[in-house]
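Student: Quick one: the structure is below, and I'll ask about it shortly.
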Amino acid sequence: MNYRFFLALFLILIFPPAAFSQTNMRGWYADGQTWLVWEDTQPQPFTYDIYVSDEAIADVESAQLSGRVFPDDWQATRLKLAQDDATWTIPDGQGGAYMLAANEALFVYTPHATGDKYFAVVKNGASDIGPQNSIGPITQALDPVQCHTQFSGVSELDQDYTTYAHWVDGRADYENGREDYPVMANQYAGGVGHVFAVFEPDAGRTDGLMPATVTLHGGGQSAYYRFGMGSNDNMGIKTTYDDGFIVSLDDCLFMMKTFLSMPGVWPEPTRWFGYWSEYNRYEMPETQPPDDAIIVDYTQRRLAFIIDWVLDNLPIDPARLSAMGLSGGGSGVMFTVKSNPDKFSAATTFVMPFEGTTFTNALYMQGEIDQNLQTTIGEGIGLREWYWPLTLLHDDDVMPFMRIVVGKKDTFMDWALQVQAFGEIENEKWGAHVFWDQRDHIWNWENTHWFGSPRLDPEALSKFRNDQSFPAFTNDDQDPGLEGRQPDIGVESAEDGEPWGAWGGYYAWDTESILDTETEWAATIYLLGESTFANDVPDFNQSTADVTIRRAQNFKPAPDTLCTWSLTRLSDNQIVQDGDTLVGPDGLITISDLTIAKQASRLRVALESAEDDDDAHDDDSLDDDASDPDDDDNDIEESDSGSDDDDSGCGC
């Protein structure tokens with residue numbers, strides 16, 4: 001593959017144009033797209049060029065260039081990462097499936113109107129058209145576009161999986177997509193197949209809907225690695241999922257570039273977002289986009305289509321769809337969640353870059369990060385701004401619960417910039433749990449503090465729902481006796497502060513306990529007291545934090561409304577804290593300076609009612625009557641993690 005560029009130049013010089021022909025051209029319409037198949041004859045070209053017309057094609061000048069494909073595109077190179085002899089499997093137009101022979105090439109055309117079309121395929125550098133490389137008319141229709149099963153297998157982790165593919169519509173006009181199938185590539189990358197893998201629940205499917213985690217790999221990896229088929233022993237992440245699916249996505253575009261001083265066709269990621277509308281993946285040397293370039297969210301559109309498709313076609317509970325990503329995939333998770341926050345119940349990102357890179361391929365696809373080129377994601381949002389977590393398209397109260405894992409030895413990251421982002425997330429009261437330790441970017445995770453924590457596995461996200469509110473913990477202070485916030489994360493440098501720690505990460509809540517009505521909200525909240533992973537359990541018995549109600553479903557009192565609240569210890573129904581709070585101008589309700597212990601506690605918030613003021617602290621949702629609020633013993637008692645009343649074993 002590395003020498004294909006030189007080979008193509010050699011063949012163009014050696015063989016006359018008449019030698020650039022191919023045979024046995026066939027085509028048909030099925031499942032919303034037109035499928036063109038032909039035999040790949042030697043010598044293999046740099047690209048095949050595909051032409052389309054409303055009339056029979058006599059020469060290339062009379063037709064429109066519809067697309068070009070590299071050998072890696074038609075030879076299903078991304079499929080071969082899992083199965084060496086894989087070729088594309090496509091619908092056969094008769095209700096069945098057709099697997100391409102090893103010497104057959106493929107291009108997929110997405111129609112935008114009904115009617116007949118004619119097609120021709122030539123090797124790059126040739127122009128001869130004849131019956132062997134042209135076909136038509138093929139009648140077009142506008143049926144829904146589908147994803148197509150490629151093959152099933154068992155991973156090295158004994159996971160049953162199925163690989164799927166779909167072929168994108170690429171056009172110069174990136175807004176000229178079909179209502180059911182947006183433009184997902186520019187004119188230089190249309191008709192190309194993209195893959196994803198679905199890993200089955202280890203315990204097998206049940207009769208009902210099951211949770212799923214969408215996983216996004218790091219740059220240079222694939223859907224079969226890290227969070228999919230490949231072993232993650234060196235990362236401490238359990239990727240098998242007992243009672244849910246893993247939908248492992250893939251970010252790859254084959255392009256001309258120089259790698260290790262060798263020009264050739266290489267696979268590169270789009271950073272899970274997209275690329276310059278005029279980026280030409282066949283061009284050498286590459287051209288950096290100008291300052292007025294538009295970076296189109298082609299990849300985000302593709303991911304949104306896949307996610308909708310799996311929700312429609314697999315027994316996945318749409319309320320329990322979460323996301324997880326590593327490195328560039330961590331940024332991709334943030335992009336994807338911010339674009340469609342109401343789709344996701346929760347998300348975890350590992351070593352997530354907070355700004356774009358200036359690696360060579362990113363430079364030509366997305367420009368220098370300081371160019372901050374305009375994107376199509378939102379009015380006035382540049383690419384650099386979109387990398388910043390706090391740049392949102394929607395009301396931030398619909399953002400899901402998030403866990404963010406970073407490393408102080410991650411030389412790819414600016415520590416001060418990360419801490420700045422964490423501070424802004426705190427100020428916005430997202431309630432994200434931030435974990436840090438001595439891990440590097442994607443290496444040397446073993447023996448770091450959070451290595452192996454089950455709360456950082458995909459399965460740990462299965463309990464959350466996108467149609468349920470949750471308590472967001474902020475201003476976490478694990479040692480109020482020391483000045484400043486503890487633990488100290490180290491604001492200016494990774495060398496400062498504690499080598500490991502968590503903000504919010506020791507708090508948990510029982511999702512089954514959430515009470516969310518028009519007149520009250522309640523949840524059981526606590527510090528973790530038990531875990532199969534020792535480092536998940538803090539060595540202190542209580543700490544202080546603020547709690548904000550996020551994603552409220554029904555409890556939405558108007559801004560400036562006065563609410564009463566109480567914190568009740570469940571072991572004896574003792575009200576240990578209570579008070580009043582005003583609904584903020586943004587509609588958020590925050591209770592400040594709660595002391596939260598390893599014993600489970602019940603936080604209750606209720607609208608103050610003039611006619612029922614005396615009963616403001618009654619809690620009919622508790623099993624037992626609350627104790628006298630005038631009791632002198634209102635401090636939370638310390639308890640060890642072995643308490644019979646400890647309800648923290650479920651974790652969060």
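Student: For a quick check: with amide H placed at 1.01 Å from N, whose amide H comes under 5 Å from Asp40's, ignoring anything fewer than 5 positions away on the same chain?
Tutor: Those qualifying (amide H under 5 Å, at least 5 residues apart or on another chain) are Glu104, Ala105.
Student: Could you work out the relative contact order of the stretch 253-389, using alpha carbon pairs under 8 angstrom and six or more residues apart, expressed as a whole percent?
Tutor: 25 percent
Student: Something else about it: What are the trypsin sites (Lys or Arg not before Pro) within the stretch 414-473 that DSSP puts in a loop, where the Cβ has at most 16 other Cβ atoms within 10 Å?
Tutor: Passing both the DSSP loop test and the Cβ count: no residue.
Student: Another question about this same structure. Under the rule a/c < 1.5 gives rounded, and otherwise a/b versus b/c splits prolate from oblate, where does the stretch 300-406 land using the Cα gyration tensor?
Tutor: prolate
Student: I would also like to ask the following. Rounded, prolate or oblate: pick one for the stretch 37-102, where a ≥ b ≥ c are the square roots of the eigenvalues of its C-alpha gyration tensor, a/c under 1.5 means rounded, and failing that, prolate if a/b is larger than b/c, else oblate.
Tutor: Oblate.
Student: Which order do you get for Tyr275, Tyr364 if you rank them by accessible area with a 1.4 Å probe, largest at the top?
Tutor: Highest to lowest solvent-accessible surface, that is Tyr364, Tyr275.
Student: How many angstrom lie between the C-alpha centres of the stretch 292-320 and the stretch 369-433?
Tutor: Answer, in whole Å: 20.
Student: Ok, one more. For Asp593 and Gln94, calculate 0.36 nm times their separation in residues minus their Cα-Cα distance, and state this gained length in nm to one decimal.
Tutor: Taking 0.36 nm per residue and subtracting the Cα distance, the gain is 173.0 nm.
Student: Still on this structure, please answer the following. Counting only heavy atoms of the protein chains, get the accessible area per residue of the stretch 401-539 (1.4 Å probe) and round it to a whole Å² value.
Tutor: Per-residue accessible area for the stretch 401-539 comes out at 38 Å².
Student: Taking loop as defined by DSSP and a crowding limit of 14 other beta carbons within 10 Å, which GluC sites (Glu not before Pro) in the stretch 368-444 fit?
Tutor: Here the sparse-neighbourhood loop sites are Glu379.
Student: For P(r) over Cα pairs in 10 Å bins from 0, in percent, one of [x] 3, 15, 23, 23, 16, 10, 6, 3, 1, 0; [y] 3, 13, 20, 22, 19, 13, 7, 2, 0, 0; [z] 2, 10, 15, 18, 17, 15, 11, 7, 3, 1, 0, 0 was computed from the structure I shared and the rest are decoys. Which label?
Tutor: Label [x] holds the value from this structure.
Student: Taking the highest mean first, how do the peptides 177-185, 334-342, 194-202 order by number of other beta carbon atoms within 10 angstrom per residue?
Tutor: 194-202, 334-342, 177-185
Student: Extension gain Asp580-Met262, at 0.36 nm per residue separation less the Cα-Cα distance, in nm?
Tutor: Full extension from Asp580 to Met262 adds 107.7 nm.
Student: Take the alpha carbon atoms of the stretch 145-176, find their center, do the same for the stretch 481-515, and report the distance between the two centers in whole angstrom.
Tutor: 40 Å
Student: How much of Thr77 can a 1.4 Å solvent probe reach, expressed as accessible area in Å² and rounded to 10?
Tutor: My reading of the accessible area for Thr77 is about 40 Å².
Student: Right, next: Counting other C-beta atoms within 10 Å, and keeping those with at most 13, which DSSP coil GluC sites (Glu not before Pro) do you find in the stretch 478-521?
Tutor: Glu483, Glu492, Glu495, Glu518
Student: Compute the FRET efficiency between Thr149 and Glu483 as 1/(1 + (r/R0)^6), taking r as their Cβ-Cβ distance and R0 = 56 Å, and round to the nearest 0.05.
Tutor: The formula returns an efficiency of 0.40 here.
Student: Averaging sequence separations of C-alpha pairs under 8 Å and six or more residues apart, then dividing by the length of the chain, give the relative contact order as a whole percent.
Tutor: 9 percent
Student: On full extension of the chain, what length is gained from Asn573 through Asn535, given 0.36 nm per residue of separation minus the C-alpha to C-alpha distance?
Tutor: Stretched out fully, the Asn573 to Asn535 stretch lengthens by 10.7 nm.
Student: On to the next question. If you average the sequence gap of Cα pairs under 8 Å that are 6 or more apart and divide by the length of the stretch 81-194, what percent do you get for the contact order?
Tutor: It comes to 20 percent, rounded to a whole number.
Student: So what J values fall out for the stretch 147-161 if you push phi through Karplus, 6.51 cos²θ - 1.76 cosθ + 1.60 with θ = phi - 60°, rounded to Hz, Gly and Pro as x?
Tutor: 8, 10, 5, 9, 6, 10, x, 10, 6, 5, 9, 6, 9, 6, 9
Student: Within the accessible area of the stretch 46-186, what % is carbon and sulfur when the probe is 1.4 Å and the other protein chains stay in place?
Tutor: 44 percent
The values are calculated or read from the model by the stated rules, or taken from the named source; none is laboratory data. Note that the coordinates shown come from a computational prediction; the quantities given were computed from them, not determined experimentally. As a convention, Cβ positions derive from the backbone with ideal geometry for all residues, glycine included, and neighbour counts pool all protein chains shown. To get the accessible areas, we keep the full protein, side chains included, count just its heavy atoms, and leave off ligands, DNA and RNA. Shrake-Rupley method; radii C 1.70, N 1.55, O 1.52, S 1.80 Å.
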